[in-house]
Amino acid sequence: MSDLVRVGRDADGGYLVPRDVLNDVTGCLSLGLGAEWSFEKRLLEIAKGRVLPERIVFFDASISTLGLLKSMGYMARRTLYEMRVRRPKSERKFRLEDLKRSLIALVSYLPTFKWSKKRIRHIRKFVTHEATRKNEVSFVDALGVRVDPKNTIIKIDIEGGEWDLLRAKSDVAKLADAPALIFEFHDTRRPEFLKVVSMIKEFFWIAHLHGNTSDRATESGMPLYLEMTFVNKRYSPGSGIRKKLPIDGLDFPVRPGELPHEFEFSN
């Protein structure tokens, strides 16, 4: 689609969304928090007064002040070990940039989610198809927190948990009122991948896709992690098919210097 706008930082965590969709957005439901929320913070800036902080809601039971400290400790120990054994940078699990990113996340977590009077909501529960534990919430109940479903973007990055949520067309249909869906699909080798994308396409256009450059590709060359923006079919697809990706000035690697995954499409 044309007229795409980057929402979020120029690295992992930023996604492209059509401008006309952004003009209608009043909220965001994010399944998965991690250590990065630049997309949601940028939404607040773009739609100041229209998107209220309390209408940006995260679900994730794994993130807390203590959790971020533990994660940083593990990353630091692992990074120092790999440096000590002189493991090549390309083979390291973490890099110093990852540790820096987590430190920034820790510093900004408390004012963003705890201290501010206009704080973004963080519900410390995992979203699953059916909730069976105290730290879980069902997919249906999570969707129910939206105040204005037709104007609330849904963003899903739950490290492979998307396959549990979207088992059938009836599950995808529960998302059909959203103006846009933002996904990071994990392990595109899975047979469910094409099935899920096909089900989503019954309600949405594919507006953009980007291969996560921090991980390897499949045997066929497909990025193992694929970031995708889907736009509700009530919006026009604009000027048509974009023949090549990535887009200069809008698409960026996860980390500086990483080579992009290139895509070329036919009619």
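The values are calculated or read from the model by the stated rules, or taken from the named source; none is laboratory data. Since we're looking at a predicted model, the values are computed, not measured. For neighbour counting, all protein chains shown are included, and Cβ atoms are generated from backbone atoms with ideal geometry for every residue, glycine included.
Looking across the stretch 153-165, the residues that are modelled with pLDDT under 95 and either touching a Cys at 6+ places or on another chain (Cβ under 9 Å) or in a loop (DSSP other than H, G, I, E, B) (or both) come down to D157, I158, E159, G160, G161. Quick check on V25: is it at pLDDT 95 or above and either over 20 Å from D157 (Cα atoms) or not in a strand (DSSP E or B) (or both)? So V25 passes the test. Among the residues of the stretch 197-226, those identified as farther than 21 Å from S90 by Cβ and not aliphatic (A, V, I, L, M) are S198, K201, E202, F203, F204, W205, H208, S220.
Quickly run through the stretch 213-267 and pick out the residues that are among the aliphatic types (A, V, I, L, M) and in a strand (DSSP E or B).
As a first pass, look at the stretch 213-267 and keep what is among the aliphatic types (A, V, I, L, M): 217, 222, 224, 226, 228, 231, 241, 245, 247, 250, 254, 259.
Within the stretch 213-267, A217, L226, M228, V231, L245 meet the criteria.
Applying the selection to the stretch 53-104, what residues are assigned to a loop (DSSP other than H, G, I, E, B) and touching a residue at least 60 places away in the same chain (Cβ under 8 Å)?
Hits for the stretch 53-104 are D60, A61, S62, I63, S64, R95.
Are any residues in the stretch 28-52 of a type in the set (S, T, N, Q) and part of a loop (DSSP other than H, G, I, E, B), and if so, which ones? Walk me through how you get there before you give the answer.
So in the stretch 28-52, the residues of a type in the set (S, T, N, Q) come out as 30, 38.
Of everything in the stretch 28-52, nothing turns out to be of a type in the set (S, T, N, Q) and part of a loop (DSSP other than H, G, I, E, B).
Scanning the stretch 170-209 for residues that are in a loop (DSSP other than H, G, I, E, B) and of a type in the set (K, R), we see that the one that is nearest to I156 (Cα to Cα) is K174. Looking for whichever is surrounded by fewer than 21 Cβ atoms within 10 Å (Cβ to Cβ) and within 13 Å of K155 (Cβ to Cβ) here; the options are E54, E36. Which one fits? Among E54, E36, only E36 is surrounded by fewer than 21 Cβ atoms within 10 Å (Cβ to Cβ) and within 13 Å of K155 (Cβ to Cβ).
Assess whether G49 counts as being assigned by TED's automatic domain parsing to the domain that holds K155 and over 23 Å from the mean Cα position of the chain (by Cα). Walk me through how you get there before you give the answer.
Working: assigned by TED's automatic domain parsing to the domain that holds K155: yes; over 23 Å from the mean Cα position of the chain (by Cα): yes.
So G49 passes the test.
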